[in-house]
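Enquirer: Could you have a look at this structure, given as structure tokens, before my questions?
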Amino acid sequence: MANIREVAKLANVSIATVSRVLNGSDKVSPETRKKVLSAMKKLDYKPSFSFKDSTTKLMHTIGVLMPDMRGYHYSDIVMAIEEYAYSKNFDIMLALPKWEIDIEKHVLDQYFRRKVDGIILGELFAGQKMIERFKKSGVPIVVIDFRVDEIDFDVVNVDNVTGGYLAMKYLYDHGHRDILFIPGPELSPAAQDREKGIRKFLDKISKKDEVKVYLGEHRGYNSEHGWVSVTQHLNKYGLNFTAIFAVNDWAALGAIDALKDYGIKVPDEVSIIGFDDAPFAQYTNPRLTTVMQPRWEMGTTAAQLLIERILDKHLRLPRNVILPTKIIERESVKKIM
């Protein structure tokens with residue numbers, strides 16, 4: 001197995017320079033960094049793993065960071081990552097920052113110090129700057145369910161913009177012109193993109209004035225956010241909408257409960273569409289129409305891209321994989337004209 005001296009010799013730099021590259025230091029020119037990373041690839045050099053013992057030295061470890069494991073979305077993605085990684089003799093190290101930026105920073109720092117072979121990142125509230133150190137040190141990264149401005153690493157996303165557009169078009173095609181939208185967290189890129197999909201639809205239709213979209217005042221992905229948004233809106237404005245578009249199926253579930261509290265029948269009086277196609281969506285009453293996103297495929301694709309990059313000695317351009325969404329039609333939306 002190659003060592004740091006051999007890397008330094010092949011790259012024609014000092015051992016200290018190789019060390020600086022491994023530590024993500026800014027005190028290395030881009031040209032020198034490229035030479036060192038290229039030498040590491042050619043020699044298949046792997047830094048030592050301080051958290052492994054001698055019996056596991058040959059095992060690879062992937063650091064996985066997801067916001068949380070509540071519900072179904074990220075749990076499905078992580079299960080797919082673990083299944084694929086296990087099939088390739090990779091371990092995973094999972095961390096759940098629970099949407100807290102300070103915890104995200106701490107976890108990424110620990111992953112860096114422990115020299116994991118690669119990292120899969122879910123929605124990162126701290127933003128893209130947090131992972132600059134990994135990019136500079138040559139640690140492979142795959143970003144999943146997170147919008148990035150520049151494709152400097154492999155990215156796997158669902159087409160949330162088109163998903164939001166499809167949900168609005170579906171309601172519009174069923175005659176709905178007054179729609180309450182229950183938004184997700186402001187810092188969530190996926191939620192932002194679903195709102196972009198709404199704006200994209202409104203920009204495209206010819207009679208913009210005939211469609212009114214009311215923005216719920218309580219943002220979030222949980223059922224309580226849907227319940228509070230609907231309750232607050234009804235208390236302030238009364239029933240001035242015929243349909244609800246919820247940012248995800250949990251929020252849709254809370255919205256249905258709030259409507260029931262007011263004696264409003266779904267879909268006879270108000271239609272509702274969610275987002276995700278959660279496992280429970282086909283068991284609600286009425287069964288929930290929703291936008292499906294392929295969670296298992298997201299996790300499998302992310303793990304495949306990362307492991308290919310870890311094992312492949314040849315550098316390749318980053319890939320930007322965007323998986324499609326589609327409407328799953330059930331009984332919660334009624335045609336009114």
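Enquirer: Check off (1) assigned to a loop (DSSP other than H, G, I, E, B); (2) at pLDDT 95 or above for residue 172 and give me the number that stays unchecked.
Expert: With respect to (1) assigned to a loop (DSSP other than H, G, I, E, B); (2) at pLDDT 95 or above, residue 172 is out only on (1).
Enquirer: In addition: Can you find a residue that is among the charged types (D, E, K, R), closer than 21 Å to residue 165 by Cα and either modelled with pLDDT under 95 or out of contact with any Pro (no Cβ under 8 Å at 6 or more places or on another chain) (or both) anywhere in the stretch 293-307? Please lay out each step first, then the result.
Expert: First, pick out the residues of the stretch 293-307 that are among the charged types (D, E, K, R): 295, 297.
From what's left, closer than 21 Å to residue 165 by Cα: 295.
Narrowing further to those that are either modelled with pLDDT under 95 or out of contact with any Pro (no Cβ under 8 Å at 6 or more places or on another chain) (or both): 295.
Yes.
Enquirer: Report the residue count in the stretch 293-337 for those that are under 19 Å from residue 174 (Cα atoms) and open to solvent by 20 Å² or more (accessible area, probe 1.4 Å).
Expert: Here the count works out to 10.
Enquirer: Turning to a different aspect of this structure: Count, please, the residues in the stretch 20-57 that happen to be modelled with pLDDT of 75 or more, among the small types (Gly, Ala, Ser) and surrounded by 15 or more Cβ atoms within 10 Å (Cβ to Cβ).
Expert: 2
Enquirer: Next question, about the same structure. Name the residues in the stretch 248-279 that are open to solvent by less than 20 Å² (accessible area, probe 1.4 Å), in contact with a strand residue (DSSP E or B) (Cβ under 6 Å, 6 or more places away or on another chain) and in a loop (DSSP other than H, G, I, E, B), would you?
Expert: Scanning the stretch 248-279 gives a single hit, 248.
Enquirer: Show me the strands (runs of 3 or more DSSP E) entirely contained within the stretch 84-167 in which 1 or more residues are modelled with pLDDT of 85 or more and acidic (Asp, Glu). Explain how you work it out, then say what you get.
Expert: On the way: elements: 90-95, 118-121, 141-144, 154-158.
Correct list: 90-95, 154-158.
The values are calculated or read from the model by the stated rules, or taken from the named source; none is laboratory data. Treat the numbers as computed from the prediction; the structure is a model and nothing was measured. Here Cβ is always computed from backbone atoms with ideal geometry, including for glycine, and neighbour counts include all displayed protein chains. Just so you know, the surface numbers come from the protein's heavy atoms only, side chains and all, with ligands and any DNA or RNA stripped out. Shrake-Rupley method; radii C 1.70, N 1.55, O 1.52, S 1.80 Å.
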